[in-house]
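The values are calculated or read from the model by the stated rules, or taken from the named source; none is laboratory data. These numbers were taken from a predicted model, which means no experiment stands behind them. Here Cβ is always computed from backbone atoms with ideal geometry, including for glycine, and neighbour counts include all displayed protein chains. What goes into the accessible areas is simple: the full protein's heavy atoms, side chains included, and nothing from ligands, DNA or RNA. Shrake-Rupley method; radii C 1.70, N 1.55, O 1.52, S 1.80 Å.
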Amino acid sequence: MRARRISPLDRDSYQRAARLILSHHLVTTRYPDRAALPLLRRWATELREDLLELFGYRLEVTETTARLFTVADRLDPGGGARSVTDRPFDRRRYAYLALALAALGRAGGQITLSELAEQVASEAGRVPGVELAPERATDRDAFVDAVAWLAARGAIALADGDVGGWVSDPDRGEALYDIDRPVVAALFRPPRALQHLHSVRGLLAAGDRRDDGRSVGTAEVARRVRRALVQRPVVYAEELDDEERLQLALPRTTAGIELLTGLVAERRAEGVALVDSSGRMSDLRFPGVGTVPQVALLLAGEICARVSEPGSEPVRWPRPADPEAELEAGLDAAIPAAGVFASLAGDAAPAEAPPVPQPAPTHPLVEDSWLAETAAKLADEFGRTFAAQWQADPAGLLEAALTVLERQRLVARVPGGVLALPALARFRGVVVTVRERDPRLALAGEDSNEAEMS
């Protein structure tokens, strides 16, 4: 590894660059900030070699962009695009985003928002089930979410006008954008031509091996485990096959990641998690500030107390065998069954051999009724510290808190409740204190109290 040859004085800078590109696979002159690209350009040679050796990732750095081409081993239901208000993209927003990228690739140096909407609407009309009608407010909102996603990454930059004016009245409002063509070209670079795919699984590393019959060596198994460690909050040994579990148990598997990123591997019998004390390598910091993260932490402590309560052994339940199957089936169902895809895909994909069933590990089951009762109890005790929108929606707050815990891989959803996964034990014994704020802040529209958890 090139990281071993970097002096201790420069190692912090190098590790910041590594964390940056691993958390933002595209870096431009303005995304995520103006200092990011110069930092990556400084360490481009060393990063290129280390990322390829450890993960099999390919790094391309130009004067205006840095693009990390990752390798996916699994589908991630929570890893998609999100709006500026942190709302996950739906099918319509993804369609608008893809069509907008295609339109920008054909455009010149500038484009107005109405011209881009017109081109996207024209192309959307040719796709069954997709439509952009600028006169509909819901369509305009979804389209602007896609445009804002592109603008945040520097593919386009507002040169004149007002996006809000167009959203309010597309006949009167207008906005003019400069187009950064290198960023547009770098944004969409799939590993395989999408027209040649039989299934979304063909985009995964395992899909490539299935199609061409290549064997997997020890080095590639180690890379696969390292990729899991930087892509998931926790890697549980029960999710891995025998070869992967062996690699996860070896200290050398995580040593390279620790040297590259500055993260610390926390090992337990059930698995490994990389701890990021800087909080700069995750899109969801936990514990965090705000009502939802704080209620999620409170709920985590309550679940830990519930499953460890003496004399009250909870029911144990196996985790879902294949949580990605539903997502895969939904994505595959969206592939056009006729036209250019059918003519280019070729022969049918070879059938996979059925997996050999293995005894599934079980975890404590926490029922929905208990979760609802506990959420109501927390609302009664700490509700005055919650944001106003959540005080009026306790059911929505519980759902949002469980989503946070699920994204952190601390619980798993099952029919009738959630499973308490081993990493949840890190948050047992949560201590709550309520800090009183200056009453004058309430006059400015802020809550007068807030809860602090530790």
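Between residue 1 and residue 81, how many nm apart are label points set 7 Å from Cα along the C-beta direction?
Result for the modelled spin labels: 3.4 nm.
Please report, as a whole percent, how much of the solvent-accessible surface of the chain comes from carbon and sulfur atoms (probe radius 1.4 Å).
For the chain, the apolar C and S fraction of the accessible surface comes to 53 percent.
Which FRET efficiency value, to the nearest 0.05, do you get for residue 277 and residue 243 by plugging their Cβ-Cβ distance into 1/(1 + (r/R0)^6) with R0 = 45 Å?
So, using R0 = 45 Å, E works out to roughly 0.90.
What does the convex hull of the Cα atoms come to per residue for the chain, in Å³?
Hull volume over Cα atoms, normalised by residue count, gives 190 Å³.
Hey, got the Cα dimensions of region 55-115 along the principal axes, in Å, largest first?
That works out to 41, 32, 19 Å along the principal axes.
Over region 1-98, with a single point scatterer placed on each C-alpha, what log10 of the ratio I(q)/I(0) does the Debye formula yield at q = 0.14 1/Å?
-0.62
Once fully extended, how much extra length lies between residue 138 and residue 159, figured as 0.36 nm per residue of separation less the alpha-carbon to alpha-carbon distance?
5.0 nm
Is it possible to state the helix-based mean residue ellipticity at 222 nm for the chain, with each DSSP H run of 4+ residues giving -39500 (n - 2.57), the sum divided by total residues, to the nearest 500 deg cm²/dmol? What is it?
-13500 deg cm²/dmol
Hey, with R₀ at 22 Å, roughly what FRET efficiency would residue 35 and residue 11 work out to, going by the Cβ-Cβ distance, to 0.05?
0.75
Roughly how many Å² of residue 169 are accessible to a 1.4 Å probe, to the nearest 10?
For residue 169, solvent-accessible area is about 50 Å².
I'd like to compare 400-412, 50-62, 377-389: which one has the highest average count of other Cβ atoms within 10 Å, and what's the full order after that?
400-412, 50-62, 377-389
Can you give me the pair-distance distribution of region 238-281, C-alpha pairs, 10 Å bins, whole percents?
That works out to 27, 51, 21, 1, in percent per bin.
If you wrap region 82-215's Cα atoms in a convex hull and average its projection over all directions, what's the area in nm²?
About 9.4 nm², averaged over all directions.
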